[in-house]
Amino acid sequence: MNKGTPYQERFNHGDRPKIHPDADQAEGGIEIYSSSPSFMITAGGVFLNSGYRMDEITGFPQRGSAQPTTLMPTSLNLEFADLIRFEGGRRPGHTPPDRDVVNTCVAGGFACGLQGVVPERWQRCVGPESNGQWLLLDSDKCGGSGFHVAIQINKKGVQAGVYENAGFFYALEKSKMPFSIFAAKIKELNAGLPRNLDVTTPNTFHTPDGHTYRFQLHRFGVKYLNRILEIDGVKQPGDLTGWPLVDGEFLRASGHEGLIKIFRPGCAGPLTLDFRDMLRPAVTEPAAPDPSPICPAA
């Protein structure tokens, strides 16, 4: 895979028809992948009721569990336990305890959430510019990760037994600026950001490369409420169910009718997958020939 071109793809699978008169709505999943040459940030999505009642073999309710939001380095061979991540808030007294997990706060190099984890292996990457508010990770100390990271995780508004902390991180390619400048700008541009972020209050983070993210760490109520409120001053959709099936630089759909366009780097036009007529699915190649080796020959 060529990761030289940064991209972001987001998916909204949409509600599905029930196959059994079950009390649970057959909910649609949310996925977000933000890729940069040296890393990928993955949003873990939301807990899903399947609407399909019980598993016929195990007898347990069928459901989909939200995965953690993770920062995945390209060049480092890490196990899941070594990934910087947000696991989301769980309620031990609920059945199941992960029913309220929402991990959808991802855009560009930014991610936020509840129950943040910074594994021990990253402690050797901490730069001297770090302080009580910021954990600043230097690429040169991280075994050639290729990116710097700024992390703020605090315990303001903690709910005992649900989550121990909340916060955000921002990752940036090392090639964009030296670590010393990265660290200095993080602290200078965000001098007004509270040391302890209230999870129910919107806050704005300024990146060292000129972007802004206005976000809210937790939003009570519907799981599909967007945690990212604005990007570079542009208001974001408040309800994630308004997203099409897929939207991004390379995969796009206008809705959920079954038409997907795949835009390939260096190709003159998209490859179209048309499943709007399920009895007559169709694939349409670009009309013009392309010089790229990944495009079909004329």
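The values are calculated or read from the model by the stated rules, or taken from the named source; none is laboratory data. All values reported here derive from a predicted model rather than from experimental measurement. Reconstructed Cβ throughout: ideal geometry from the backbone, glycine too, with neighbour counts over all protein chains shown.
Can you name the residue in the range 227-241 that is in a loop (DSSP other than H, G, I, E, B) and in contact with a His (Cβ under 9 Å, 6 or more places away or on another chain) and is also surrounded by the fewest Cβ atoms within 10 Å (Cβ to Cβ) among such residues?
The initial filter retains those residues of the range 227-241 that are in a loop (DSSP other than H, G, I, E, B), namely 227, 232-233, 236-238.
Right, trim to in contact with a His (Cβ under 9 Å, 6 or more places away or on another chain) and you get 227, 232.
Details: Arg227: 23, Asp232: 11.
The qualifying residue surrounded by the fewest Cβ atoms within 10 Å (Cβ to Cβ) is Asp232.
Among the residues of the range 167-178, is any assigned by TED's automatic domain parsing to the domain that holds Val117, closer than 27 Å to Asn49 by Cβ and either at pLDDT below 95 or of a type in the set (Phe, Trp, Tyr) (or both)? Please lay out each step first, then the result.
First, the residues of the range 167-178 that are assigned by TED's automatic domain parsing to the domain that holds Val117: 167-178.
Add one more test, that the residue is closer than 27 Å to Asn49 by Cβ, and what stays is none.
Taking every residue of the range 167-178 in turn, none turns out to be assigned by TED's automatic domain parsing to the domain that holds Val117, closer than 27 Å to Asn49 by Cβ and either at pLDDT below 95 or of a type in the set (Phe, Trp, Tyr) (or both).
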Inspect all residues belonging to the range 184-198 and state whether any of them is basic (Lys, Arg), surrounded by 17 or more Cβ atoms within 10 Å (Cβ to Cβ) and under 17 Å from the mean Cα position of the chain (by Cα). no
Given the conditions (1) touching a Ser or Thr at 6+ places or on another chain (Cβ under 9 Å); (2) modelled with pLDDT of 95 or more; (3) not hydroxyl-bearing (Ser, Thr, Tyr), and given that Gln236 satisfies all but one, which numbered condition is not satisfied? (1)
Could you figure out which of (1) in contact with a His (Cβ under 7 Å, 6 or more places away or on another chain); (2) at pLDDT 75 or above isn't true of Tyr52? (2)
When both residues are 6+ apart or on different chains and their Cβ atoms are under 8 Å apart, which pairs have a first residue that lies in the range 151-165 and is over 10 Å from Arg195 (Cα atoms) and in the same structural domain as Asp138 (by TED's automatic domain parsing), and a second that is aliphatic (A, V, I, L, M) and modelled with pLDDT under 70? Glu164/Val158; Asn165/Val158
Answer with yes or no whether Ile181 is farther than 21 Å from Leu229 by Cβ, among the aliphatic types (A, V, I, L, M) and at pLDDT 95 or above. yes
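Tell me, please, whether a residue that is under 22 Å from Leu225 (Cβ atoms) and either small (Gly, Ala, Ser) or modelled with pLDDT under 85 (or both) can be found in the range 56-63.
Applying the first criterion (under 22 Å from Leu225 (Cβ atoms)) to the range 56-63 yields 63.
Checking the rest, the ones that are also either small (Gly, Ala, Ser) or modelled with pLDDT under 85 (or both) come to 63.
The answer is yes; a qualifying residue exists.
Scan the range 119-130 for residues that are under 21 Å from Ser180 (Cβ atoms) and part of a loop (DSSP other than H, G, I, E, B) and report the count.
Looking only at the range 119-130, we keep the residues that are under 21 Å from Ser180 (Cβ atoms), and these are 122-130.
Filter again for part of a loop (DSSP other than H, G, I, E, B), leaving 127-130.
So the count comes out to 4.
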Among the numbered criteria (1) touching a helix residue (DSSP H, G or I) at 6+ places or on another chain (Cβ under 6 Å); (2) at pLDDT below 95; (3) surrounded by fewer than 17 Cβ atoms within 10 Å (Cβ to Cβ), which single criterion is violated by Tyr224? (3)
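When residues of the range 116-143 are filtered for being hydroxyl-bearing (Ser, Thr, Tyr) and touching a Ser or Thr at 6+ places or on another chain (Cβ under 8 Å), how many remain?
1
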Just a yes or no: is a residue in the range 87-98 in the same structural domain as Ile30 (by TED's automatic domain parsing) and either among the aliphatic types (A, V, I, L, M) or assigned to a strand (DSSP E or B) (or both)? no
If you go through Asp209, Asp247, the only one that is modelled with pLDDT of 95 or more, part of a loop (DSSP other than H, G, I, E, B) and within 28 Å of Glu87 (Cβ to Cβ) is Asp209
Just one listed residue, out of Gly116, Gly127, Gly132, Gly144, is assigned by TED's automatic domain parsing to the domain that holds Arg227 and within 22 Å of the chain's Cα centre (by Cα), and it is Gly116
